[in-house]
1. Which one is nearest to the chain's Cα centre (by Cα), of the residues in the range A:72-96 that are more than 9 Å from every other protein chain (Cβ to nearest Cβ) and either modelled with pLDDT under 95 or farther than 30 Å from D:P34 by Cβ (or both)?
2. Looking at the range C:55-71, can you tell me whether even one residue there is in contact (Cβ under 8 Å) with a residue 24 or more places away in the chain and touching a His at 6+ places or on another chain (Cβ under 8 Å)?
3. Those residues that are buried (at least 19 other Cβ atoms within 10 Å of the Cβ) and of a type in the set (A, V, I, L, M), I need them from the range D:157-174; list them, please.
4. Out of the range A:122-142, which residues are without any contact (Cβ under 8 Å) to a residue 60 or more places away in the chain, touching a helix residue (DSSP H, G or I) at 6+ places or on another chain (Cβ under 8 Å) and farther than 24 Å from A:L88 by Cβ?
5. For C:P34, indicate whether it is over 18 Å from C:L87 (Cα atoms) and in contact with a strand residue (DSSP E or B) (Cβ under 8 Å, 6 or more places away or on another chain).
6. Name the residues in the range C:28-40 that are facing chain D (nearest Cβ under 8 Å) and in a helix (DSSP H, G or I), would you?
7. Just one of the numbered conditions (1) touching a residue at least 12 places away in the same chain (Cβ under 8 Å); (2) more than 15 Å from the chain's Cα centre (by Cα); (3) over 22 Å from A:H71 (Cβ atoms) is not true of A:S169; which one?
8. Here are some conditions: (1) farther than 22 Å from B:P170 by Cβ; (2) part of a helix (DSSP H, G or I); (3) over 14 Å from the mean Cα position of the chain (by Cα); (4) not acidic (D, E). B:V50 meets all but one. Which one does it not meet?
4 protein chains.
Amino acid sequence: MGEPQPMPKNRLEAFSDGVIAILITIMVLELKVPHGADWHALQPLLPVLVAYVLSFLYIAIYWNNHHHMLHAAHRVNGPILWANNHLLFWLSLVPFVTSWMGENHNEAFPTAAYGFVLIMAAVSYTILQSTILATLGKDSELARAVGRDWKGKTSIACYLAALGLAFVSPWLSYVLYLTVAVMWFIPDRRIEKHVHHA
Amino acid sequence: MGEPQPMPKNRLEAFSDGVIAILITIMVLELKVPHGADWHALQPLLPVLVAYVLSFLYIAIYWNNHHHMLHAAHRVNGPILWANNHLLFWLSLVPFVTSWMGENHNEAFPTAAYGFVLIMAAVSYTILQSTILATLGKDSELARAVGRDWKGKTSIACYLAALGLAFVSPWLSYVLYLTVAVMWFIPDRRIEKHVHHA
Amino acid sequence: MGEPQPMPKNRLEAFSDGVIAILITIMVLELKVPHGADWHALQPLLPVLVAYVLSFLYIAIYWNNHHHMLHAAHRVNGPILWANNHLLFWLSLVPFVTSWMGENHNEAFPTAAYGFVLIMAAVSYTILQSTILATLGKDSELARAVGRDWKGKTSIACYLAALGLAFVSPWLSYVLYLTVAVMWFIPDRRIEKHVHHA
Amino acid sequence: MGEPQPMPKNRLEAFSDGVIAILITIMVLELKVPHGADWHALQPLLPVLVAYVLSFLYIAIYWNNHHHMLHAAHRVNGPILWANNHLLFWLSLVPFVTSWMGENHNEAFPTAAYGFVLIMAAVSYTILQSTILATLGKDSELARAVGRDWKGKTSIACYLAALGLAFVSPWLSYVLYLTVAVMWFIPDRRIEKHVHHA
């Protein structure tokens, strides 16, 4: 069907919105309804709930950034479509590692697995970013806004550290996961000056 | 990626529509298919079904109001995006507390938990409303339509009362939850005069 | 937030598309993966699969007709929004009665429950149709296309008959459910002449 | 409601996007969270994960090709709507056969069932393609891009071979399933020259 020619981006956005909306929502299905009806019945759910909040934040950040990046893109081609599918694939594993980590808190391996999926999602986001930048040129607003992408590189370094530290103490990993999320959550004033979509 | 600059609102609407459509639909997955094939097999499901109807009504009301509020907004910025994600987070917990309340009817704690999630959803809706109003100004049609927001304030007061009364009799809470839903369901003629989107 | 004023219909369509797309898809989650790996492991699933095909057809017909009806509408108001939510509510119960009927084939009560949900969906569709027609007037193309709505009325009569006959023999009901689906599936040449959207 | 008249294609795209986005995402729900917290707990999941990756790739390819084909279509009519629903039906069975094959790797029957669903999806895609081509004419860009559709025909031949070979060795089928996916994944330069959507 001729995958690689340029085409409008609205359906790519709609499909990504659909997948991300489903991912952020189906995680809540892992909050299994407790059998009891008192406060104690809810307690074993607390780590699962905390993991859910963390992943909700991460997926919301990805949607946010995806939203902005696609907004800056002009058209999409085959490589962009597949780089996007690649990102969606790794994001689709977030509900799985969230549940695994939430149901086994303070355990090394699930905590490291969570970090692994975050690393792959960040790498695939970077690939998508480069693929879009390649169609826009070095002087595009997006290129200037991304710059050397220290934020993306710092995130991947933190995830790598968290993956390793999970085998020392999972709590160190949790602190790193939260730190990166907060770093993305707080707007970046420097970038704001560069990108002004009309 | 420069979160805070203004941008078109269509993708925010599409993402919210997706999440709300999924939330309103996955609740039905909690209606577990009974093993028997007669009328008695259906009876234990009745409280779950009633809780489902109530939450369907609430989420439909939220979608309705969200629809109108975003329609009145001109553009969205970073704070609006995050206020919206915050609202979607609390709405995403509605299926969980619906199932818990439905499977434990006439129990204090699940009934209070339902009220707690409704309070947080109402508070986050109010925050989203204020964030949008801050971009529109005091003389905007939305500002006049919202006015002192007695309806939003009354709702939160009723939820708070329902949360407390759940420990006296959950049935009082159910009556309050239904009353607030009906209050939002019945159109507000005074507001209708103020907002006339062309 | 002033529910009843007129507004564009695109978000209503998007929300309905989302809910209907989820409904038609989550039914497949009821096709529980069999434990065995041979042909015999699949056999108990056959009635569930047949019920799934029937409901897939019904929901696809509803989406089809909803698509055409909204296409003929100009704008939506509060009553149309709520008539639409009412329809989505009854459609949302289709996966539940599909599973119940599929897992208990040749049983009277689940077969009748399936008919009950089809009746309520048909009635709510008729209400939505009347609400939209009230905004368009008697001379609209939609009004002429619908005419006396013999197809809608025949459907409801068949569902009522199927509901009653389920207590005589569920197979009579299955034949009626299939007949109505086929009746809607085969295009109506008379109507085709009336509605020509540019 | 007069199914067969021409109408804009955006809602068909939106509905298909919704269904495909849900299908590609709910497969991940079959990755059941393991009870243990170490590497060994993850091992039994590996075949399920591999099957998930394969099906993610297939559904992404279908979305990609569907995207391009609908982009080339001008308007949709009743037959196109139903050919599309037919395709969505067969795609909706992909999560089911994926789980069955993943949980019973190296078993003949589930591997053949996977091939059967791929055949029916490919056949229904070909029907949709023909239905759209019938509205565009032999000289359309889409007609020239599709040509004799050797890629579609080769795929169906490979699926048929894989279905049969599953009873000799499922591994031969897995190799064929992967080969076809890779064949579609690699862009087709010849086609690229033909279709240039402005």
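The values are calculated or read from the model by the stated rules, or taken from the named source; none is laboratory data. Just so it is clear, the structure is predicted and the values come from calculations on it, not from any experiment. Methodologically, a virtual Cβ is constructed for each residue, glycine included, from the backbone with ideal geometry; neighbour enumeration extends over all protein chains shown.
1. The qualifying residue nearest to the chain's Cα centre (by Cα) is A:A83.
2. yes
3. Of all residues in the range D:157-174, those buried (at least 19 other Cβ atoms within 10 Å of the Cβ) come to D:158-159, D:162-163, D:165-166, D:170, D:173-174.
Correct list: D:A162, D:L163, D:L165, D:A166.
4. Selection gives A:G137 alone.
5. The answer is no for C:P34.
6. Within the range C:28-40, C:V28, C:L29, C:W39 qualify.
7. (1)
8. Result: B:V50 fails condition (1) only.
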